[in-house]
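Some notes on the structure that comes next.
No lab work stands behind these numbers, since they all come straight from the coordinates. Computed from a predicted structure; not experimentally measured. Using ideal geometry, Cβ is built from the backbone for each residue, glycine included, and neighbour counts are taken over all protein chains shown.
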Amino acid sequence: MADIIKEAGREIPVIKRAHVLVVGGGTAGVPAAIAAARRGKKTVLVEQLAFLGGTATAGLVTPLMHNNIKGNPSPSGINSEIIARLLDCNAAAVDSSGNDGWFDPVYLAFVLEQMALEAGVDILFNSFFCSAICDGGVIKGIVVENKGGRGAILAERVIDATGDADVAFRCGAPFASGRPGNGINQPTSLRFEMGGIDFDKFCRFLESLGQKGEMSPPFFHTAMVWGRKWALEPIFRQAVEAGDLEERDGNYFQAFGIPGKPGCVSFNCPEIEPEADVTRPDYQSHALVDGRRAILRLVCFMKKYFAGFENAWLMHGAAMLGVRESRRIVGEYVLTSRDILTYTKFEDAIARSNYPVDVHGAQVECGEFEIPIVPEGERYFEIPYRCLVPKGVENLLVAGRSFSSDYVGQSSPRVQPSCRAFGEAAGIAAALSMEMGINPRALDGRKVRAIMKEAGAYL
Ligand SMILES: Cc1cc2nc3c(=O)[nH]c(=O)nc-3n(C[C@H](O)[C@H](O)[C@H](O)COP(=O)(O)OP(=O)(O)OC[C@H]3O[C@@H](n4cnc5c(N)ncnc54)[C@H](O)[C@@H]3O)c2cc1C
């Protein structure tokens, strides 16, 4: 059999036209679409799944990380609105450190959809971005594949919010991925939720093992990583010795409470071995199968070994593999670990954070720097607008975890609060650059910053 087949040329109907087209309705994509639509732009949002939220909903990733800046100020006005909506329906809660980012991922999908529709966003679900319409280095639209076949969507500005920079990649824009030297990405995880847990019993069990700290649902948190002195370590060791767990099951285990869901826990595990290029379809298929096997192992283990889990059940397995890091665009500015660790500020900043460098699965080297566990305080670093502007393609912006950075520089701003701010900034920039009749590359990011600040961002 030949290794290549030739696809016949064909005519593709134009199914939609937009001012701003957002590809990917996830953490960054929804704020991007809302921000563009609120500036009066005809905005289309394309999503491969049947609901919005991406990693935060389909990936079951909760809670939002505290940004470690005193008072946890919101990086974006739209982020504050999302949280307020969730709080209103008891699907979010504020802990004693002021983190208002504890939320229910299932509810979030409904809130995001309502907000996008209220802003006037035209959502196209179940539609997979499959190629970019790029002419002479200028993006003109995309082609999607769905139940109706192939269709083209044309737009003045495109925002790539696919997480993996799929659109930029298909346009031939330069990118980097993984650790310098070997290209290995951070480990992926397949998250899950369990219900029916007797929390009082489980908390007493943890206390009897020596765990300290806040243990009142929904702010419940526990973890286990071999050698880090977690209270659960002897239980994990016992289960490995009895053949109920594999050694790798204790490489990273973490559990959080979920607001509005008494007796339920969200698990930030199992972690799946990393590889160079976690976007490869065969890696993703392997990771999903391997992850589900590990979930079944962990569920059986907890029911057998954890007091309070006797009647617990598996509630959800994530519909999406949790990818921490894959393609990173090469943009007009590349954020580095040095920028983070020296608290660098930028005039065109569109987000601030003090969340620490957070690379899973590997010891990282940061040149002359020690990697600190950053205390909550007044210090912070900033991410400039230029990190969203990819080199090599005009009229394209990239928002989300694939923003322009080096490997370690990505590991802090990849968390949801910053991704939401990147989305809002990209939506404003797409609209504003149209209004001014200039390319997003020529746009002064200070203008985006000023608009975000006016709309409630801590900038
Ligand atoms: C396991 C794990 C745990 C984490 N823990 C935390 C945490 O506790 N707190 C925190 O704040 N952050 C955490 N993060 C980080 C954070 O959740 C992600 O980095 C962030 O949500 C990524 O946002 P994004 O917009 O870039 O991508 P996503 O939210 O994944 O959005 C991408 C969207 O694009 C869609 N899409 C992709 N390709 C296509 C295509 N070809 N066609 C159409 N649609 C497409 C996807 O379906 C998705 O909806 C974690 C991440 C992982 C993986």
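Brief remarks on what is shown
- Sequence ranges 176-182, 120-126, ranked by mean other-Cβ count within 10 angstrom, highest first: 120-126, 176-182
- Lys pairs under 20 Å by Cα in region 10-145, provided they are eight or more residues apart or on distinct chains: 5
- Placing +1 on each Lys and Arg Cβ and -1 on each Asp and Glu Cβ, with no other charges, gives region 400-459 a dipole about its Cα centre of roughly 100 debye.
- Vicinal HN-Hα couplings computed from phi for region 105-116 (Karplus, 6.51 cos²θ - 1.76 cosθ + 1.60; Hz; Gly/Pro x): x, 5, 5, 4, 4, 5, 5, 4, 5, 4, 5, 5
- Evaluated at q = 0.21 Å⁻¹, a Debye calculation over the C-alpha positions of region 188-317 (equal weights, vacuum) places log10 I(q)/I(0) at -1.30.
- Remark: the chain carries a charge dipole of roughly 740 debye about the Cα centre, counting +1 on each Lys and Arg Cβ and -1 on each Asp and Glu Cβ.
- Taking the helices alone, the chain has a mean residue ellipticity at 222 nm of -8500 deg cm²/dmol, built from -39,500 (n - 2.57) per DSSP H run of at least 4 residues and averaged over all its residues.
- Across the chain, Cα pairs under 8 Å and at least six residues apart give a relative contact order of 23 percent.
- Other residues within the sphere of radius under 13 Å centred on the Cβ of residue 218, judged by their own Cβ, net out at -4 (K and R +1, D and E -1).
- Here the calculated FRET efficiency for residue 311 and residue 204, from their Cβ-Cβ distance with R0 = 22 Å, stands at 0.85, rounded to the nearest 0.05.
- In angstrom, the C-alpha Rg and Dmax of region 374-459 are 13.2, 44.
- Among the trypsin sites (Lys or Arg not before Pro) in region 213-317, those located in a DSSP loop and surrounded by at most 11 other Cβ atoms within 10 Å of their own Cβ are 228, 229.
- Rounded to the nearest Hz, the phi-derived 3J(HN,Hα) couplings of region 258-272 under the Karplus curve 6.51 cos²θ - 1.76 cosθ + 1.60 (θ = phi - 60°) are 10, x, x, 10, x, x, 10, 10, 9, 10, 8, 5, x, 8, 10, where x marks glycine and proline.
- Whole-Hz couplings from phi, Karplus 6.51/-1.76/1.60, listed for region 442-455; x for Gly and Pro: 8, 6, 6, x, 5, 5, 5, 4, 4, 5, 5, 4, 4, 8
- Each of the GluC sites (Glu not before Pro) that DSSP puts in a loop and that has at most 16 other Cβ atoms within 10 Å breaks the chain; the longest unbroken stretch is 12-213.
- A simple charge model with +1 on the Cβ of Lys and Arg, -1 on the Cβ of Asp and Glu and nothing else charged puts the dipole of region 188-317 at about 320 debye relative to its Cα centre.
- Farthest toward positive dipole pole in the chain [+1 Lys/Arg, -1 Asp/Glu at C-beta], among 322, 260, 451: 451
- Against the empirical curve 2.2 N^0.38 Å, the C-alpha radius of gyration of region 81-196 lands at a ratio of 1.42.
- Residues 336, 27, 62 arranged by fewest to most Cβ contacts within 10 Å: 336, 62, 27
- Descending Cα extents along the principal axes, the chain, whole Å: 65, 61, 47
- Three semi-axes of the equivalent ellipsoid, region 190-245, Cα gyration tensor, whole Å, largest first: 20, 15, 12
- Loop-located trypsin sites (Lys or Arg not before Pro) in region 145-208 whose Cβ has at most 15 other Cβ within 10 Å (DSSP): 147
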